[in-house]
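Asker: Here's a structure for you.
The values are calculated or read from the model by the stated rules, or taken from the named source; none is laboratory data. If you're wondering where the values come from, they're calculated on a predicted model, not measured in any experiment. Note that each Cβ is placed from the backbone with ideal geometry, even for glycine, and that neighbours are counted across all protein chains shown. Please note that ligands, DNA and RNA were not included when accessible areas were found on the heavy atoms of the full protein model with its side chains. Shrake-Rupley method; radii C 1.70, N 1.55, O 1.52, S 1.80 Å.
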Amino acid sequence: MSLPKSKIPTPFNPENFRKEGHILVDTLSDYLEKALTGKEMPVLPWNDPDRLTEYFSFDSAGGEKEPLDSFIKRIIDNSIHIHHPHYIGHQVTSPLPVTALVQFCTTLLNNGAAIYEMGPVNMAMEKNVINEFGSLIGYQTGFDGIFTHGGTAGNLTGMLAARQVKTDYNIWEDGVREKDKPGYLISEQAHYSVGRNVKIMGLGDDSIIKVPVDKHFRMRTDLLEEIKRNAEKNGIRIISVVASSCSTATGSYDNLEAVADFSEKHGLWMHVDGAHGMGVLFSEKYRDRVNGIERADSVVIDFHKMLLVPALNTLVMFRNGERSFETFAQKASYLFQKSQQNVWYNSASRTIECTKSALGIIAYSALKYYGNDYYRHYIESRYDLASSFAVMVRSDKQLQLALEPESNITCFRFTAEGYNDQVLNQINHEIRDRIIKEGSFYIVQAELEGKTWLRLTIINPVTSVNDLKELLLRIKEIGTQLVLKREL
Ligand SMILES: Cc1ncc(COP(=O)(O)O)c(C=O)c1O
């Protein structure tokens, strides 16, 4: 008996794929050329969210006739342009073209990475990247790592390991006990994912023990002893310190040697959120920012921030690789044969996610085609440019610097004599709003000690000192107009 023929036509047409793929690469190459000059295009083509949703409404019956190149063009035209030299806002990088091309390939191959069989190349490349970072960090033998989709998940992975290793009962299986609840010492300036992760773990606000910062917005390590003592009086058992290398708002690096001394003294887990600032591992000039990193139990490094790789792509390193297996000590027998539970190449036993995209291949490609020397140059040039920018701000009476930059993140504001902070906050808020809506630059803002600051992340390799001069001129122009309007 012959089987009935499927009524579903095959969606795979290699010839169409070839044709459309060529058009796509041509379109993207033209786009890249234009975006990099920064001419004739706004950084962000501002659109009202509801109007844009309406513009992209579609017919769910399918059978769309719009040619792919026209569709792609509409996506590009309405997107924020991260490769534009005036993109100096959030910590999302302009990906290296080679990583985009490799990701195009891994997307079609769709080899996940829950278990080795489903992504053998990825796991092999991931291991090589982990080995490279183990040596950059200065870990001795026995280290290991794991990739996650993003720094938030990366921080959670490290913090979960801390919880499992440092509580004296099996918290993963038994749940949290009210008595001697685990607590994390966290800088007031830690990224919000750190505090949020404590809550995701079901621990609640009293397990988030905030440590104040000094005038450079670094964790006050001199207060750690006292804060730990007070928390313990309130029934919280401190298990971990989370340090930032560097912090999100101001790019400040916590003192890792001091955090390591304290953690070792009390047997605590030292987790370092290096999502943004761990690129200094490539630089002799700035390496001292993370002295002591080799003493951290876990470290998060985002490739999609300062390592020029498409989002999301995060590496979590563990000083003692065995510890990374304890985090999720559950048994998923349909995935792992018992004898294979603790093998490095079945990554799902050590991550929150089951299926992951081939993050290791993308990170590996960046390192393979660019290499440590390129990264050294890139990191140093971006950090140096932030210092030059600070000099320009400090020498201008209409501007004020929040703090000396330690990385490629800087905070500053427009200022005018006779105006209090409340008014200056409004003015700076308005300046940013106008700048991003007119599309001349993309910058963000940060609130520090009740003041609104304009905040730059000089992340794009093509942003130059002239771009920054142009930005300051525009800020002063708008600021002056706003001040004059107030006086009328
Ligand atoms: C220091 C720091 N940690 C963690 C994160 C969260 O990373 P992701 O957006 O990849 O989840 C950020 C994001 O900006 C960050 O700056």
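Asker: Just check the chain against the gyration tensor rule for me: Cα atoms, a ≥ b ≥ c as the square roots of the eigenvalues, rounded for a/c under 1.5, and otherwise prolate or oblate depending on whether a/b exceeds b/c.
Answerer: Oblate is the answer for the chain, as a/c is 1.5 or above yet b/c matches or exceeds a/b.
Asker: Right, another one. Going by the alpha-carbon gyration tensor, a ≥ b ≥ c the square roots of its eigenvalues, is segment 223-356 rounded (a/c under 1.5) or, if a/c is not under 1.5, prolate (a/b greater than b/c) versus oblate?
Answerer: Numbers: a/c = 2.21, a/b = 1.23, b/c = 1.80.
Because a/c hits 1.5 or more and a/b fails to exceed b/c, segment 223-356 counts as oblate.
Asker: Ile238's amide H: which non-local residues (gap 5+, or another chain) put their own amide H closer than 5 Å, with H modeled 1.01 Å from N in plane and none for Pro or chain starts?
Answerer: Gly183
Asker: Ignoring ligands, DNA and RNA, how do Phe143, Phe318 rank by accessible area with a 1.4 Å probe, largest first?
Answerer: Phe143, Phe318
Asker: What percent do you get for the relative contact order of the chain when only Cα pairs under 8 Å and 6+ apart count?
Answerer: On the way: 837 pairs, mean separation 101.7, N = 488.
Answer for the chain is 21 percent.
Asker: Applying the Karplus parametrisation 6.51 cos²θ - 1.76 cosθ + 1.60 with θ = phi - 60° to the phi angles of segment 472-486, what ³J(HN,Hα) value in whole Hz is obtained for each residue in order, glycine and proline being reported as x?
Answerer: 5, 4, 5, 4, 5, 4, 5, x, 5, 4, 5, 5, 4, 4, 5
Asker: Excluding ligands, DNA and RNA, what is the solvent-accessible area per residue of the chain at a probe of 1.4 Å, expressed in Å²?
Answerer: 48 Å²
Asker: Please label the shape of segment 1-95 as rounded, prolate or oblate, based on the square roots a ≥ b ≥ c of the eigenvalues of the alpha-carbon gyration tensor (a/c under 1.5 means rounded; beyond that, a/b larger than b/c means prolate, else oblate).
Answerer: prolate
Asker: Using all Cα-Cα distances in segment 105-369, what percent lands in each 10 angstrom bin from 0 up to the longest?
Answerer: For segment 105-369, the binned pair fractions read 7, 32, 36, 20, 5, 0 percent.
Asker: Over the heavy atoms of Asp168, what accessible area does a 1.4 Å probe trace out, to the nearest 10 Å²?
Answerer: Approximately 130 Å² of Asp168 is accessible to the 1.4 Å probe.
Asker: Ok, one more. For the chain, give the share of DSSP beta bridges that are antiparallel, in percent and rounded to the nearest 5; count only bridges with both residues there.
Answerer: Approximately 55 percent, going by the DSSP bridge assignments.
Asker: So what's the back-of-envelope 222 nm ellipticity for the chain, counting only DSSP H runs of four-plus at -39500 (n - 2.57) apiece and dividing by all residues, rounded to 500?
Answerer: Values: 16 runs with 206 residues, N = 488.
Helix contribution divided over all residues of the chain: -13500 deg cm²/dmol.
Asker: Follow-up. Could you pull out every residue, at least 5 positions away or on a different chain, whose amide H is within less than 5 Å of the one on Val343? Hs are placed 1.01 Å off N in the peptide plane, and Pro or chain starts have none.
Answerer: none
Asker: Still on this model: Could you tell me the accessible area of Tyr192 in Å² (1.4 Å probe, neighbours in place), rounded to the nearest ten?
Answerer: Tyr192 has an accessible surface of roughly 140 Å² with all protein chains in place.
Asker: Which of the trypsin sites (Lys or Arg not before Pro) found in segment 378-454 are loop residues per DSSP with 16 or fewer other Cβ atoms within 10 Å of their Cβ? Mind showing how you got there, number by number?
Answerer: Values: sites: Arg382, Arg394, Lys397, Arg413, Arg432, Arg434, Lys437, Lys451; in loops: Lys397.
When the trypsin sites (Lys or Arg not before Pro) of segment 378-454 are filtered for loop state and at most 16 Cβ neighbours within 10 Å, Lys397 remain.
Asker: Just read off the accessible area of Tyr345 with the full protein assembly in place, 1.4 Å probe, to the nearest 10 Å².
Answerer: That residue has around 70 Å² of solvent-accessible surface.
Asker: Carbon and sulfur together cover what percent of the accessible area of the chain at a 1.4 Å probe radius?
Answerer: Carbon and sulfur atoms account for 53 percent of the accessible area of the chain.
Asker: Pull up all non-local amide H partners of Val272: gap of 5 or more, or a different chain, and H-to-H distance under 5 Å with H placed in the peptide plane.
Answerer: Under 5 Å from the amide H of Val272: Ala243, Ser298, Val299, Val300.
Asker: Ignoring ligands, DNA and RNA, how do Met392, Met270 rank by accessible area with a 1.4 Å probe, largest first? Walk me through the intermediate numbers first.
Answerer: Details: Met392 40, Met270 0 Å².
Heavy-atom accessible area, descending, gives Met392, Met270.
Asker: Shifting gears a bit: Whole-Hz ³J(HN,Hα) for each residue in segment 298-306, computed from phi via Karplus 6.51 cos²θ - 1.76 cosθ + 1.60 with θ = phi - 60°, x for glycine and proline: what do you get?
Answerer: After applying 6.51 cos²θ - 1.76 cosθ + 1.60, I find 9, 9, 9, 10, 8, 5, 8, 9, 8 Hz.
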